[in-house]
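There's a structure below that I have some questions on.
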Amino acid sequence: MTETAIIPAPGLILLSEPFMADPHFKRTVVLLCEHSDDDGTVGFVLNRPLGMKVCDTLVDMDMVDSELFYGGPVAQDTMHYLHTYGSAVEDSLHIMDNIYWGGNFEQITEQLKLGILDPKQIKFFLGYSGWSPGQLGDELKENSWLTASGKGQYVFGIPEASLWSKILQDKGGRYAEVIHYPEDPSLN
């Protein structure tokens, strides 16, 4: 499926093409959070839970019983987070709709401890997905990714197991048919 020329930007959703073999991105949904021609692109895989809880990995987060997510293959010793709290969390960056990236970690930790913030409105990631300058543009030209406009509900409103399919259904037309393709084209 050929997409028209897409310019990477915060809020853009990348959907792995249905037969992508790369195990880091097979049937994934990636939300782009940062892009510059000089520095490259940063995003987070929205639909790959790691099978562990935030409270099991961070001592100061024992009050957060939420799932921890695989953000991508880069810097897997780093923690990142998306949230809906906007300017209530200092230094957070607006991505789209009511979705923000990062911000003051100590503030988030303290407000979670005090019950001011709801942990269900913060999604934590280990690592991130990153592309060097020009790399993602080349991958888009090669049709390695399908794209969609981001929506807040894609981050916090749809179960991760069905997110890839749901966004393709939302795109409609020929994209809605892609969800029925087997992961291995030799099984078709």
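Computed from the coordinates by the stated procedures, all read-outs in this text should not be read as laboratory data. Predicted, not measured: the structure shown is a model, and the values here were computed from it. Please note: Cβ atoms are built from the backbone with ideal geometry, for glycine as well, and neighbour counts cover all protein chains shown.
For the pairs LYS26/LYS53; LYS123/LYS151; LYS53/LYS123; LYS53/LYS120; LYS53/LYS113, note any where the Cα-Cα span goes beyond 18 Å.
Distance filter (> 18 Å) returns LYS26/LYS53.
At 0.36 nm per residue, and after removing the present C-alpha to C-alpha distance, how many nm does the segment from ALA88 to ASP118 gain when stretched out fully?
9.5 nm
Ordered by packing density, taken as the mean number of other Cβ atoms within 10 Å over each peptide's residues, highest first, how do 93-104, 112-123, 39-50 rank?
39-50, 93-104, 112-123
Still on this model: Packing-wise, with mean Cβ within 10 Å as the measure, how do 129-135, 20-26, 144-150 rank, highest first?
144-150, 129-135, 20-26
Sort largest first and round to whole Å: the equivalent ellipsoid semi-axes of the chain, each the square root of five times a Cα gyration tensor eigenvalue.
29, 18, 15
Shifting gears a bit: Taking every pair of Cα atoms in segment 1-85, average 1/r, invert it to obtain the Kirkwood radius, and report Rg/Rh to two decimals.
Taking Rg over the Kirkwood Rh, I get 1.01.
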